[in-house]
Each structure stands twice: as C-alpha cells, then as structure tokens.
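The values are calculated or read from the model by the stated rules, or taken from the named source; none is laboratory data. Computed from a predicted structure; not experimentally measured. Cβ sites come from the backbone with ideal geometry, for glycine too, and all protein chains shown count toward neighbours. In case anyone asks, the SASA skips ligands and DNA or RNA and just uses the protein heavy atoms, side chains included. Shrake-Rupley method; radii C 1.70, N 1.55, O 1.52, S 1.80 Å.
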Amino acid sequence: MREWDGHRREPIVVAEHLSGALVRLRDALREVVLPLSVPGAAEQRQEAEQIVAQLDNYVVPRLAHLDAPLLAVVGGSTGAGKSTLVNSLLGRVVSPAGVIRPTTRSPVLVHNSGDARWFESDRILPGLARTRAVSSGPGALQLTADPNLPAGLALLDAPDIDSLVDENRALAAQLLDAADLWLFVTSAARYADAVPWEYLNAAASRGASVAVVCDRIPPAAAQLVPVDLGRLMSARGLADSPLFAVPETVTDEHGRLPETALAPIRSYLATLAADNRRREQVVLATLDGAIGAIVRAAPSVADAARAQTEVVRQLAVDAAHCFHEAIHAVRRQSGDGTLLRGEVLLRWHDYVGTSEFSRVIDEKVSWLRDRITRALTGESPQGVHAAAAAESGLEALVREQGEAACERAAAAWRGTPAGRALMAGHPGLARASDEFATRCASAIRQWQADVLALVADQGKGRRRTARLAAAGVNGAGAALMIVIFAHTAGLSGAEMGVAGGTTVVAQRLLEAIFGDEAVRRLAETARQKLDERVVALMDTELDRFTVLLAELGVDDTVAERVDAAIAEVVAVRSGSPRPGSLAGSGGGFAPADEPSGADVRPAPRLDQVSARAQAGEIVDAELVDEPPALPRPSGDESGEDGRQR
C-alpha cells in the first residue's frame, strides 16, 4: 500500500471504482442518439463519439492496467520528420520515411520484446487489427519488437494530422487520444501552422502530457525559433512541456539523424522508461486530464439529448393537434346539419314521400308517421338509398378532413429545421396514405352496420318488431343517422327549414317505433360509435408521423442517465487521494507530490546552449536536468517567458 496525502489507499482501488463509473458513462453516451437537425446536434454527435472512442481506446483500458508500458505517440504534420525521428531513436528503419505523402499510412508501434503481451491484445485501440507484417492500410496496427527500446516504453508512429486522406487524419486523432505521452514533431518552417496548434491546444485543455520536438532548425534561426515556439507554448498552457530543438543536419545513408541531435530526446525517454515514479506521473497526469475533459464535455451531450427529446415531443404535439382538429371538425360537421344536403335530403324525401313533406312539417307529422308505418312492409328501396346517401356524405367528410389534417401537420413540421429535414425525406406525409380512402369507406360501412345492429337490437319485442318491420331496418337506420346529423348550425336559411323538417320526421318516426327515451339512447350510442371509428381512422394517419419520430430512436431518459453517470465519475474523482482539483473537475486522479524532503525533479528539458560563434557550425543540443530550487547555470539563455531553450 502506498501512502498518498495521509491516506493509505491502493491506486488500483481508485482505478477500479473510477473505471466502473466511466464504463457506465460510456454506456450511457453510446445510447445517445441525435438524429434531428437541431442547432449544435452535429457537433455534439461528434463529441459523444469522440468521448466513447477515447474511453474505449485509452481511458478504461489504461485504468485497468496502470502498470502497462508508457505509450508515446509520435504525431505531427506532413513531412515534419516523425518517421525519421522514430527510426533514428531506434537505430534502424521500422517506419518508412520519404518524400511521397503521406508516408505513414499504417501506424507502427514499436515495443520492447518483453512488453509484447501489452500490445498484442486489444487492450488499447481495440478497433485496429494487429499485424507483425508491414502494412499499408489504416485499419491495421503494425507491431514491431525491438530489444534496444527500454522496457516500459513504446513508440507509435502515427499518420499525419493534416493528411489529405480523411482516414489518415481520423486515425491520427484516434492514436493521439490513446497516448500516455504526445511526442509532437514539427519543424522550424511549420511550427506556427494552424492544424498542429489545434491538436496542441486540445492537449493543453485536457492536461495531456506533451513533449514537443522542433526539428530542421537552421543555424541562423537557432536562437529565434525555439524562443518563439516556447512563447507560443507558454501562451497556450504548455509552459511545463519539454521542448526539444533539433538543428538542421545531414542524415546518414539510412536517413537517420546523428546521435548528437538525438541525445536529449533519447535521454528524456530513457528516463521515463527507467523511473517508475516519473512514468507513473506522466500516465496519471494524462489520464486525469482526459477524464477531466470528458467530465467537462459530457454535460453538453446530455443537453443535446434533452434538446432532441423536446423537439421530438413538439413535433409529435404539432401533428397530433392537426388530427385532433380533424376529429373535432368531423364531429361538428356531422352534427350541425351540414350533411343534410343534396343527395341525403333527396333520398330521404323519396323515402318519406316528397309530395307530403311540407304538409307534414306544418300540419300532419303524426299522419305521415302512420302512413309510413302502414305503407312500408319489408325493406324499402328508398330506405336503403337514404342510408347509402348518408353513408356517402359522411365518408366524403371524413376523407376530406383526413387529407386536410395531413396537409396541416406537414406545414407545421416544415416550420422548424428538424421538421423540414424530416419532410424532405418523407414528402408523402403531406397527403393522406394511399389506403386512407379505402379505410374511410370501410369504417363508415362498419358504422352503418353498427347503426343497423343498434336499431335491430332495440326493435326486439313483439310490438317494436312489428313497427320496425313496417318501417324497415334500413329506413329506421337512415332515420337514426338523420337524427344524429340533426343540428342545423352552419346551414342557410332555406336549408335550415328543410333540414329541420327532415329531422322532425325522422325523430317522430323513431319515437313511434322505439319511444322517446330509447331514441335518445340510440342516438348517443350511434354518435359514440361514429366518434370511435373516426378517431381510429385519424389515429392511423397520425401514426405515419409518430412512427417516423419513433424510428429516430430518441430516448427521452438517456440525458438523465448521462447526468447520473457524470455525477458518479465526479464523485469518485473527488474522493481520489490527490489533494486539490483541476479547473471545474472537482477532483483528480494524478498522484500527489512526494512528501517533504523527497528528491523530485521535473522532466528533463532541452536547453539551446553553447552557441558556437563559428559561422555555419551546427548548434549542438544539450540536455539539462536541474531541480527547480537550484539557480540556473550561468551562461544559459532564456526565452521571454523564462523557459530554457
């Protein structure tokens, strides 16, 4: 057990708890779906993917194996000399270098022979297939064992971060996210380029361990470039990162740099490999920075998920409102006398006898009722026709309102960016489905059958049966539909008079057969059944909209699960043994400083020293390893920010 900050806790215990919390966060983020065209959705989709990838490729496996070798990923711009540096450090060609771009297509990972087990499995970068053969594809990770590389250290030569090949750029970013240490290579001609600084700024923002190598520095710029690069690094939060300045020099026949140019870098890496404590500091600092960055970034993904849920909800409400309006319109127009026009009135007049109609209204409703009852035996063709006319008018009304509802719902969706994108992919939603007319006809026929069944069932009993037989089931059913369509709101004056008389005749006929109370119950039940049929029809059309929303896969609970997982990670980090915290993280996982009196030295840094006065002579690089409390050696040159160059 190691004593950290007065608490005896195994680092592995903290790692296990933190790993479990991060796995739950990863699983929650995997379930985040952001398919709608909402502002910021594309960026948060990418953010979620990057967080999940980093947790899978680096953070979770690294927490599970803190004793694994330190992985230094050598990254940088096209032609910066990454492969040359790796080959020179190893003393042999393991990664091809040349003038054809991109040179490095398949990443090359070099490890000590005794560390093979750490990299042959999918412990890190599980999405890359392992191979020992030379590979040119971005989907493979070429493993190379080298007994000269110190145990506990591995080098990975990554593709160019600014490659013209999209797959190479994506792979380079993935590999850098899996690094314990970024060994970032740039050149005197390109150290201020925008793309490298995008990566370096990202590394600084998450507290990753970074060392920068600036090579090909001409003698005339030996005192300028390192100072200016150091200034840029300090301004961007990398003041504590080692900076190695490699002078412009001649390579040997194998394209390798001379040892004098490599010695400081070699010594730095060898120190990390040999010093378990220092290596652990680098690993845990990078881990802590990565976890802190994840904790800061994940809430925005949860917010984006909430935004998607709200947009889906609003789209669903907009569509439902349009179809509810259609249901209300059918109910209103099927009960306000609107349907008592044209063919319906004509067929009903045929049924009751047109020549007697006006006289019935004014004088002899009862006489006409008796006349109908005596005259009609069996099923009257006029009764059938009257029922069919009512059915046809109702069917046209429902179909018209269904079509209008689809048009209104489509218009409502087109009023939002997310809805417009959905409608662009599904323009057919703006009109009723091809089967809607057929379903309407079937539903109204079924409702008419409901009405006739109600009439027949209500007519049971000797006296009622006789009266119903005289009027005919279809005739009585037509009369019941007329009563349901009874109210006269919305008609013109002349139509109101005709419709009103029509209703009175139908009402009196039914009352003569069934009685007042029974007619009221029949009308209420028939109206309820009609409403149910209409609602079912409109729901079927509304389903086309709601099913499309459901197929998006937006989970209205995933944001809460992400929030809970973030809170758990923060809680575990806050309880970790390191005192203090990173900005906004509430804790940390990097090891604490050693107890007072311990000989703790910072990572070695390269000083640009002893600039020889002879013109044209290459400036040598010298490694200076100094404790922070000691004064700087006389004669050293410092940049504007006080950094040693």
*Filter result for T186 (in contact with a Cys (Cβ under 6 Å, 6 or more places away or on another chain) and either modelled with pLDDT of 85 or more or more than 30 Å from E47 (Cα to Cα) (or both))*: yes
_Selection count where residues are part of a loop (DSSP other than H, G, I, E, B) and touching a residue at least 40 places away in the same chain (Cβ under 8 Å), scope the stretch 62-84_ = 9
_Residue in the stretch 242-263 that is within 14 Å of A72 (Cα to Cα) and open to solvent by less than 20 Å² (accessible area, probe 1.4 Å) present_ = yes
*Hits in the stretch 204-227 - residues which are assigned to a helix (DSSP H, G or I), without any contact (Cβ under 8 Å) to a residue 40 or more places away in the chain and either closer than 23 Å to D180 by Cα or open to solvent by 30 Å² or more (accessible area, probe 1.4 Å) (or both)*: A204, A220
*Which condition number does F545 fail, the rest of (1) at pLDDT below 50; (2) closer than 30 Å to R408 by Cβ being met?*
(1)
*Of residues in the stretch 189-203 being of a type outside the set (A, V, I, L, M) and within 29 Å of R278 (Cβ to Cβ), the one surrounded by the most Cβ atoms within 10 Å (Cβ to Cβ)*: Y191
*Please work out which residue is most open to solvent (accessible area, probe 1.4 Å), limiting yourself to the stretch 160-169 and to residues that are touching a residue at least 12 places away in the same chain (Cβ under 8 Å) and under 28 Å from the mean Cα position of the chain (by Cα).*
L164
*asked:* On the basis of being exposed (fewer than 14 other Cβ atoms within 10 Å of the Cβ), of a type in the set (D, E, K, R) and part of a helix (DSSP H, G or I), does E541 make the cut?
replied: no
*asked:* Just to be sure before I move on: is E551 open to solvent by 50 Å² or more (accessible area, probe 1.4 Å), free of Cβ contacts under 8 Å to residues at least 40 places away in the same chain and within 27 Å of G393 (Cβ to Cβ) in the structure I sent?
replied: no
_Regarding the stretch 398-412, can at least one residue be identified that is in a loop (DSSP other than H, G, I, E, B) and at negative phi?_
no
*Before we move on, is D160 in contact with a Ser or Thr (Cβ under 6 Å, 6 or more places away or on another chain) and closer than 28 Å to P226 by Cα?*
yes
*Out of G584, G490, sole residue that is modelled with pLDDT under 75, within 52 Å of the chain's Cα centre (by Cα), open to solvent by 60 Å² or more (accessible area, probe 1.4 Å) and under 30 Å from R331 (Cβ atoms)*: G490
*Flag for S241 being part of a helix (DSSP H, G or I), within 22 Å of F184 (Cα to Cα) and hydroxyl-bearing (S, T, Y)*: no
